[in-house]
1. Where the second residue is surrounded by 12 or more Cβ atoms within 10 Å (Cβ to Cβ) and the first is among the small types (Gly, Ala, Ser) and lies in segment 24-47, which pairs have Cβ atoms under 6 Å and are six or more apart or on separate chains?
2. Could you look through segment 41-60, keep only residues that are surrounded by fewer than 17 Cβ atoms within 10 Å (Cβ to Cβ), under 14 Å from the mean Cα position of the chain (by Cα) and not hydrophobic (A, V, I, L, M, F, W, C), and pick out the one that is farthest from ILE24 (Cα to Cα)?
3. Do we find a residue being in a loop (DSSP other than H, G, I, E, B), modelled with pLDDT under 90 and of a type in the set (A, V, I, L, M) anywhere in segment 50-72?
4. Looking only at helices (runs of 4 or more DSSP H) that fall completely inside segment 77-153, which ones have 3 or more residues that are touching a Gly at 6+ places or on another chain (Cβ under 8 Å), surrounded by fewer than 10 Cβ atoms within 10 Å (Cβ to Cβ) and free of Cβ contacts under 8 Å to residues at least 40 places away in the same chain?
Amino acid sequence: MLPYAWTYIYIHDSINCSCHMGYIIPKLSSACYTMSSIKHFMSLKTLKTIYYSYFNVIISYGLPFWRNLSHSVKISRMQKRMIRIMIGCKNRVSCRNLFRSLEILPFVSQYILSLMLYVVKKKNLFILNSENCTKSSRQFNNFYQPITNLTIY
């Protein structure tokens, strides 16, 4: 079995992920080229399978760690480009309905889903309001959010 090169997150010494972005953007561009080359010979169902097995694997690995970078806009554009290639649309066509028709989550929605799954999986790491406050309220069973005053997170 061959090792997959995109299963790593590349971080530079200065703890920034631009090195990782520089590594995966050419891979995504290659995936778009491959999809445009084979779309004429495959059905939409097969193209969708190829999308999930080749393109989506690259963008979803380690997504909670690097999504908030400025380079993530490029990845979102690449995903839209891939969707347009799969459907066969022009560059200026809105992708909102294309994502719905293919039942594929947009990049930002994938990020939100990955964060929600992380919270559900690791909910024992978070503090509930019931543990921090004795008064019963509507938010009694919600996660505790510390009060911030002019603090940057």
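1. ALA31/TYR54; ALA31/PHE55; SER36/ILE85
2. TYR52
3. In the first step, residues of segment 50-72 are kept if they are in a loop (DSSP other than H, G, I, E, B); the result is 61-62, 67-71.
Subsequent filtering for residues that are modelled with pLDDT under 90 retains 61-62, 67-71.
Checking the rest, the ones that are also of a type in the set (A, V, I, L, M) come to 69.
Checked against the condition, which is being in a loop (DSSP other than H, G, I, E, B), modelled with pLDDT under 90 and of a type in the set (A, V, I, L, M), segment 50-72 yields at least one hit.
4. Details: elements: 96-102, 107-121, 129-132.
No helices (runs of 4 or more DSSP H) qualify here.
The values are calculated or read from the model by the stated rules, or taken from the named source; none is laboratory data. Just so you know, these numbers come straight off a predicted model, no measurement behind them. Positions of Cβ are generated from backbone atoms using ideal geometry, with glycine treated the same way; all protein chains shown enter the neighbour counts.
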